[in-house]
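Presented below is the structure to which this report refers.
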Amino acid sequence: MRQGARTRTPSEAAKAREQDRLLLRRYHQGGDSTAREELIERHLPLVRSLARRYAGRGESLEDIEQVGAIGLIKAIDRFELEREVSLATYATPNVVGEIKRHFRDKGWAIRVPRALQELNASMSNAIDRLTGRLGRSPSIGEIAGELKSTPEDVLEALEVGSAYSTVSLSQGPGSEEDLDPMETIGEEDEGFDQMETRTSLEPAFDRLPEREREILRMRFEEGLPQTQIAERVGLSQMHVSRLIRKSLATMRDELA
Amino acid sequence: MDRIELTTPLSRDFRAVVRLIVGGIAETLDFAFDEVDDLQLAVERLLAEAGQDGSVNISFQLGSRSVRTHVGPLRERAIADALQGPPPEPGELNLRRILEAVVDSYGVEDAADGAIYVRLEKLREAR
């Protein structure tokens, strides 16, 4: 049942903020994924409220809410405890931004046939399985053969995967598909990260999560192929591909 | 040498279509997943730097195990500057460094009115 529109009293609002703080501490400091889930649940009414502003534009409200929920999850994951703002204040631009981005460039992809969504879901494992078996990255035809599909469908399914995928609200930060920016790998990189602003993409680089910065550094500075990056960071090749593309697009968008 | 030509609006609304076409072409040459992804990324980043107004031609010349792609006319001087200027310094992330990582070679060709065409060459690994 959706939360009504009753306005909170100042003391209720303060209490809610304090409860959010406690949950954020449990999640970020203690790794308590149930606290994360509770935070998501507590702020879903905010997502619904924001999503309703974008209803009637060709997407179902449910889909818009789902996209908005991704923004909420990112906000929860990225929230720094030292921040003086409330989670709701911090999350609002994240949720709205995610919805706007969805309408701007991904709207077509959320209405994909179920068969393509299922094909996409099985693709990541198939690529890694074939890479291990062949000792190289598989061709699209080989992926299609492995999945008893066609190259055309594989290409389409890959494109589906580059759009927003459905996110389970119970998915923890350890899940492979979860873009958990708090996750750290290796040392603080000394490449792109410490360079002063010199080129078009650089100003936005520092604002990427550490894992994405590290992946970009490995790909574009070390020149490592996706397969090796995937091994180093413990992700699938397909996920690495998506993170690279998404990071570059995010950086460009931030500077636009 | 087979040739495929495409004219597309620069608007980001058409990026997914372009990606699918690039992927389909690379697939016909039996490119590996990461090679397909590289070529898609190269074209995508070029288009992203080219703004959103107007349209652009993309042509593909298909060899036995390579594809040569021409993208243009591009009017953003920043693209030519990034690709023709001094090499990026260590740690510098720009279009040139991205293209150097994802295609086997690239070049800039002058077109009319100060615009440029960017040539991208991607080879399929022998296997």
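The table for this structure:
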quantity	calculated
Scope region A:115-134; condition of a type in the set (D, E, K, R) and either farther than 14 Å from residue A:226 by Cα or surrounded by fewer than 19 Cβ atoms within 10 Å (Cβ to Cβ) (or both); matching residues	A:118, A:129, A:133
Residue among B:101, B:16 that is outside any strand (DSSP E or B), small (Gly, Ala, Ser), within 14 Å of the chain's Cα centre (by Cα) and surrounded by fewer than 20 Cβ atoms within 10 Å (Cβ to Cβ)	B:101
Extreme residue, modelled with the highest pLDDT, among residues of region A:30-79 that are over 23 Å from residue A:212 (Cα atoms) and hydroxyl-bearing (Ser, Thr, Tyr)	A:34
Filter result (within 14 Å of chain A (Cβ to nearest Cβ) and surrounded by fewer than 20 Cβ atoms within 10 Å (Cβ to Cβ)) within region B:104-122	B:104
Selection count, region A:222-237, where residues are surrounded by fewer than 22 Cβ atoms within 10 Å (Cβ to Cβ) and among the polar types (S, T, N, Q)	3
Region B:14-36, subset facing another protein chain (nearest Cβ under 7 Å) and without any contact (Cβ under 8 Å) to a residue 24 or more places away in the chain, residue nearest to residue A:143 (Cα to Cα)	B:33
Residues of region B:1-12 satisfying the condition of being more than 7 Å from every other protein chain (Cβ to nearest Cβ) and within 22 Å of residue B:76 (Cβ to Cβ)	B:5, B:6, B:7, B:8, B:9, B:10, B:11
Condition broken by residue B:91, with the remaining ones in (1) in a helix (DSSP H, G or I); (2) on the phi > 0 side of the Ramachandran plot satisfied	(1)
Checklist (1) surrounded by fewer than 17 Cβ atoms within 10 Å (Cβ to Cβ); (2) not in a helix (DSSP H, G or I) applied to residue B:78, failing item	(2)
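One line per residue, one yes/no per condition, for (1) surrounded by fewer than 20 Cβ atoms within 10 Å (Cβ to Cβ); (2) over 15 Å from residue B:6 (Cβ atoms):
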{"site": "B:32", "(1), (2)": "no, yes"}
{"site": "B:37", "(1), (2)": "no, yes"}
{"site": "B:46", "(1), (2)": "no, no"}
{"site": "B:62", "(1), (2)": "yes, no"}
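The values are calculated or read from the model by the stated rules, or taken from the named source; none is laboratory data. Values in this document were obtained by computation on a predicted structure and should not be read as measured data. Positions of Cβ are backbone-derived with ideal geometry, glycine not excepted, and every protein chain shown enters the neighbour counts.
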